[in-house]
Amino acid sequence: MNFSPARRDASFQAAVDLLRRAPAGYAPPVLDASQTTPLPDKDLTQRIEWMAQRISAGSRILDLGCGRGEMLYFLGRQFPGDHLGLEREPEFLERCRSIGVRAISSDFNDLADPALRFACSQSWDVVLIIDSLVYWRYPAVVLAALQDRCKRIYVTVNNAAHLWRRLELLAGKIDERPNMHGDEFSMNWIVNRWSVRSFQAWGESLGYATRPVARRRVSAQYLSLRVLPGVFARSVMFELTPRAADSD
C-alpha cells in the first residue's frame, strides 16, 4: 500500500503542538518505594525477556498503558534508569505503586491530560505501547508528538485482515486507517482497524520507519513472524524508528 506523506489539518497540528508542551509547573509524583513488595521471579515472562533483548543499559523507557507494571518492573531491575508508566485504571496504578514501579494516572483520550503532555515533552530511548493503542481516541496525534522525542517505539497491533477475521481480505489489505481521510490526518475519530500493510503505511506517514518484528500469540508470547504475517498473524509487534522530520 502506497500513498503520499500525510497532510495535517490545522486542528491536528495544534493538538500535536499542545501535546508536546509540558504544563507549566507540572512534575510527576515521586514514587515512595518504602513500602513496596518485589515480584517473584516466576512473574518474569517470555515477552518481558523478548523485550529485554532489545533494551540497552541506561535506556529511558516510557510505557504508555503500563497495566499492572510487570514489564517496567523487570526491565527496571535489569536496566536501572529513568522509567515511567502511564495508566488510567486505578487498580493497576495501585499495583504499580505496590511493586515500586513509577506510574502515573493518565487519560490517553484527553489530549490536555497533564501526564500525557509531560510524557510527550520528554526524550525517551524506548516507548512501549503494548496492547493499548486500539483503545486510544487520537493515536496519530500521540505518535506524531513523539516522533522526535524517542529513538524507538514498540507497539502491538491487532491484525484486522487475519484469515479467520477477514477471509475476504486474504491479501492483507484494508482501507480504514485511524485519523485519516484519504492521505490527510484529521481530528475526526475513526475506529482502529489495521492490517499489517496498512499499519506500516500509517506509521510511515507519521514519520517512522515501520516494520513488523514479531507476532503476538493469544498467550501473550512474542514469537518470530510466519510466512504471510498479514494473513496468519492475529496480532503483530511493530518496531517504529523515527525518520528525520520531513519539511512541509
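No value in this document is a laboratory result; all are computed from the given coordinates. These figures come from a predicted structure and were not determined experimentally. Because the Cβ atoms are built from the backbone with ideal geometry, glycine has one as well, and the counts that use them run over all protein chains shown.
What the table below lists for this structure:
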read-out	value
Most positive-pole-ward Cα, L72, T241, P212, against dipole of the chain from beta carbon charges	P212
Set of the range 92-132 residues, backbone N closer than 16 Å to the point 7 Å along the Cα-Cβ line of Q35	93-101
Order of D17, D131 - criterion: other Cβ atoms within 10 Å of each residue's Cβ, fewest first	D17, D131
Separation in nanometres of the label points that stand 7 Å from Cα toward Cβ, at Q46 and V134	2.0 nm
Inter-label distance for D17 and E91, nm, one decimal - labels placed 7 Å from Cα along Cα-to-Cβ	4.2 nm
The range 209-248, dipole about Cα centre (Lys/Arg Cβ +1, Asp/Glu Cβ -1), debye to the nearest 20	400 debye
Chain lengthening between D183 and R149 when straightened (0.36 nm per residue, less Cα-Cα)	9.9 nm
Burial ordering of F232, F238, fewest other beta-carbon atoms within 10 Å first	F232, F238
Relative packing of peptides 192-201, 21-30 - highest average C-beta neighbours within 10 Å first	192-201, 21-30
Magnitude of the charge dipole, the chain, Cβ model with Lys/Arg +1 and Asp/Glu -1, debye to 20	720 debye
Packing-based ranking, highest mean first, of 32-44, 55-67, 213-225 given that Cβ atoms within 10 Å are counted	55-67, 213-225, 32-44
Label corresponding to Cα extents along the principal axes in Å when calculated from the structure given, among (i) 46, 39, 33; (ii) 54, 42, 30; (iii) 64, 47, 32	(ii)
Proxy reagent accessibility, fewest Cβ within 10 Å first, across W124, W189	W189, W124
Amide H contacts under 5 Å for D63, placed H, 5+ residues apart	L84, G85, L86, L128
For the range 41-119 versus the range 130-163, the gap between their alpha-carbon centres in whole angstrom	16 Å
